[in-house]
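Report on one structure; see the data block that follows.
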Amino acid sequence: MLTSLKLIIRPSTLSNYIVGTLCSLCIACSLNAAESSNEENSEALQVHGFIAQGVVNAHNSNYINADESLSLELTEVGINASYQLNEDFRLAGQAVYLNGGNRYHAGPRIDYLLLEWDAFHNEAWRASFYLGRVKNNHWLYSATRDIPFARPTIILPQSIYLDGFRDLGMGGDGGAIKISYSDDDFGEIDFNFSRGKSAISDEQSEVVIGKFALGNLDHDLDMQASVYWRPTFSQWRFGFSALDSSFAYDRAQVDNYFDSEFEFQFYTVNALYEGEFWQLSAEIAQQRYVTDGFYFPEFHRDNIAQGYYLQASYKVTKNLSVLTRHERFYANKDDKNGSELAEISGGSALSHFGFQNDNMLGLSYDFSSNFRINAEYHWMQGTARLSPIVQSDPIANANKNWQVWAVQFMYWF
Amino acid sequence: MSDICRWLNVVISSYVNYKDEIIKTILFKIAVLFLLLFPPQVYAIHVISNITAETKSLSVAQLRRIYSMRQVHWKNGSPIVVYVLASKNPLHQKFCKQQLRLFPYQLDRIWHKLTFSGYGVAPIEVATQQALIEAVKSTKGAIGYMENLSEASDVNIIKIDN
């Protein structure tokens, strides 16, 4: 099990150090690269991007907007560049603009900006180090959750890819290591490790803890690791991931809440099957969530939540696929119907705050190699994964049953 | 043609009871005659590399590693530059199934993840088979694929061992 480590270097100092080091390395390597021929440079530089716009509507919920109206708040735009500085070093970065309504705060973001060092390679092994802002590469779809054409559905399973935690779950400023091993007997094995810190904006803070908490929420350095294995020539791939993270809340001078610490440990097991017509995927997650303080100084809660989803897609024609998913999430594994939560809250929480289930049906149609439309309908039960996450809103989330549908066009290059 | 005959024999045998040897032989002869009269325009997909590459043969697993960007250097340590056609291109689809034994969407998934997460780069996509051949010819360390060997001059043909 992973445990929290406190680095002697403060995270803000660490971020400055990382940016400074990255800039120095870039200048040094660029000078070196400038000596290369133009032909080599054209292969060294790769630029890609995407643009996606959709319509979305949530019924009986403020998941997208407060008035439950038809919304165009389903915009995702991104552009990235990768530049091979020399044989061992590569610089890469991506900027995105996202608007998902109430799901996460709208605006531009530096998605990743990193320096890759290809430290070791031969025919079987490859070890790479990444320094800078790195993406979470540990869950089945975590590295591509904002990339419309590289994720299975518009709205991902909230038991794992919680929208309210998007900026925290996406990655952080720090470093990552990726070690790959390929062998004709054992197949393909990948080990990933990362350590980083996410800056939490006021808007993100509001999504997580609600607008009545006036203090600052800070993310300490987190640690994540994952292992993936695909047996030789197999259509199956299996993975395991672990995350250990902590947050601190510093109350404002006048505040409804108190200084607090949140500890978060998250484990997932996943499987993926890739057949000619059928694709199956499943992830099972367990999270331990410890709260000290916040509601009152002596408050202590140690909670274990569980969730899973099973997903199947079938290729009907060369360009058309149908997809279905069944998902369950329980905020407390010992109180799956939320009755205990409702009882001890004294009326501030409803029993359906204790779980969130989703049954969805979707379609995907490819117009060409880089133009697609996705459409999906979700039948939701329970509101355990709706914002604000720490303190659920009994007025906005009053309905146990709610539905979301979305249609999105996407183009990429 | 001998491969097609073998395949025909297997198909016919699987549909006809093994005791019906005469029917099986007649069906086989009719099928071979049909193929001789109307030969299908079938070209195998060939893996090609830049003329400077030292590697003359690869296993299917190695070729998969190269196209899934797990192996990015040749055995001698020089970088591999991977060229492909668009994922819906019929030649690319044939290459994926015949040589890599992968479905094109599996490669798309790997490449999209690398490209849009910052953890790697995808192969360089070109528009036509001719452009692909030209790119392999002119780029040191390049690998690609082609259908018609009559156009294969100034490139290495890499033998794929099963």
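Coordinate-derived values only; no laboratory data. All of these numbers come straight from a predicted model, not from anything done at the bench. Counting neighbours? That spans all protein chains shown, and the Cβs are built from the backbone with ideal geometry, glycine included.
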Work out the mean other chain Cβ neighbour count within 10 Å for the residues of B:107-115 and drop it here as an integer.
5
For the range A:125-177, the fraction of alpha-carbon pairs in successive 10 Å shells from zero, as %
24, 49, 23, 4
Reference-scaled alpha-carbon Rg (2.2 N^0.38 Å with N residues) for the range A:248-308:
1.77
Which net charge results when you count Lys and Arg as +1 and Asp and Glu as -1 among the other residues whose beta-carbon is under 15 Å from that of B:R64?
-1
Only Cα pairs under 8 Å and at least 6 apart count here; give the relative contact order of chain A as a rounded whole percent.
13
Counting pairwise Cα distances across the protein assembly as shown, what percent come out greater than 32 angstrom?
51
Which value, in Å to one decimal place, does the Kirkwood hydrodynamic radius take for the range A:276-413 when every pair of different Cα atoms is included?
17.2
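Local charge sum around A:A127 (other residues, Cβ-Cβ under 9 Å, Lys/Arg +1, Asp/Glu -1)? Walk me through the numbers on the way to the answer.
Working: positive: A:R126, A:K178; negative: A:D118.
So the environment of A:A127 carries a net charge of +1.
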Principal semi-axes in Å for the range A:61-214 [√(5λ), Cα gyration tensor, largest first]
33, 17, 15
I'd like the per residue volume of the convex hull spanned by the Cα atoms of the range B:29-162, given in cubic angstrom.
124
Chain A, Gaussian network, Cα under 10 Å: of A:D184, A:D118, A:D292, the residue fluctuating most is A:D184
